[in-house]
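Beneath this line is the structure, given in structure tokens, with notes to follow.
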Amino acid sequence: MKTIVLSLISLTASTFLAFSGPTDKKAKNVSYLVNAQKSKLTWNAKKVTGAHAGTAPVKSGQLNLSGGKLTGGHVEINLKDLVVTDIKDPEYNAKLVSHLKNDDFFAVEKFPVATLEIVSATSAGTNKYTVKGKLTIKGITKDVTFPADIDADDKKLTANAKLAIDRTQYGIRYNSKSFFSSIGDKAIEDNFNLDVSLFADVSTAAAKSAASK
């Protein structure tokens with residue numbers, strides 16, 4: 001009888017460990033540091049007579065996961081180095097870039113960096129999320145909600161997101177028909193679109209912590 005009882009205790013303990021082990025491992029918190037050189041932000045803005053597109057460098061960032069799920073993070077965008085990619089004429093290109101950097105638009109001398117803080121993320125399927133965050137442009141912070149795809153393992157992470165931003169919420173009203181109804185074909189749409197592609201590596205501290213367990 002004693003042997004049977006000990007065997008049952010041993011079996012119960014083994015079963016508990018078998019189920020609890022992977023769960024504990026899966027529930028660990030991991031931080032990934034954004035690789036600015038590999039990451040990319042592209043923008044697109046439309047107007048009555050056409051559209052323009054370009055890029056802006058990712059400056060830095062961090063994404064946090066718990067149990068393999070996105071929980072938070074932040075990304076910084078360097079607006080001082082934004083470029084226009086659709087205009088081939090050097091003089092016209094430089095003119096538009098200069099205009100985008102002045103006070104009519106992003107005022108990059110005063111506000112060189114835009115930031116996105118991830119507040120929460122709700123799973124919307126395998127590797128898919130509905131993300132809620134706070135976007136700061138020109139010192140003005142507004143709530144944003146957008147879809148994102150996140151794929152991560154124990155070494156690296158990739159993230160892709162699309163955002164539609166109303167520039168007038170950030171004080172950028174230049175040629176907005178919402179404020180200047182009589183500007184006709186000079187009007188620029190209030191919304192502009194961002195495509196963000198991030199590549200990140202697990203932080204050194206997190207990697208060392210995982211290796212020690």
Exercise. When only Cα pairs under 8 Å and 6 or more residues apart are kept, what is the percent relative contact order across segment 28-211?
Worked result: 25
Problem set entry | Inter-centroid distance (Cα atoms) of segment 163-200 relative to segment 41-90, Å | 14
Exercise. What's the exposure ranking of Phe180, Phe106, going from fewest to most Cβ atoms within 10 Å?
Worked result: Phe180, Phe106
Seminar exercise, completed: Karplus-derived 3J(HN,Hα) from phi for segment 107-112 (6.51 cos²θ - 1.76 cosθ + 1.60, θ = phi - 60°), whole Hz, x at Gly and Pro, runs 6, 5, 5, 8, 10, x
For this session: With a ≥ b ≥ c taken as the square roots of the eigenvalues of the C-alpha gyration tensor of segment 28-211, please select rounded if a/c is under 1.5 and otherwise prolate if a/b is larger than b/c or oblate if it is not?
Result: prolate
Exercise. Counting other Cβ atoms within 10 Å, which trypsin sites (Lys or Arg not before Pro) in segment 39-108 have at most 11 and lie in a DSSP loop?
Worked result: Lys88
Exercise. Karplus couplings for segment 87-103 from phi (6.51 cos²θ - 1.76 cosθ + 1.60, θ = phi - 60°), rounded to Hz, Gly and Pro as x?
Worked result: 9, 8, 5, x, 5, 5, 4, 4, 5, 5, 4, 4, 5, 5, 8, 8, 5
Exercise. Ranked by Cβ crowding within 10 angstrom, fewest neighbours first, how are Arg173, Arg167 ordered?
Worked result: Arg173, Arg167
For this session: Sort Ser176, Ser182 so that the residue with the fewest other Cβ atoms within 10 Å of its own Cβ comes first and the one with the most comes last.
Result: Ser182, Ser176
Exercise. What pairs in Lys101/Lys132; Lys46/Lys162; Lys69/Lys156; Lys59/Lys138; Lys38/Lys59; Lys38/Lys101 have C-alpha atoms more than 18 Å from each other?
Worked result: Lys101/Lys132; Lys38/Lys101
Exercise. Nearest 20 debye, what's the magnitude of the dipole of segment 46-168 about its Cα centre given +1 on Lys and Arg Cβ and -1 on Asp and Glu Cβ?
Worked result: 180
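Every number in this text was worked out from the coordinates using simple rules, so none of it is lab data. Computed from a predicted structure; not experimentally measured. Cβ sites come from the backbone with ideal geometry, for glycine too, and all protein chains shown count toward neighbours.
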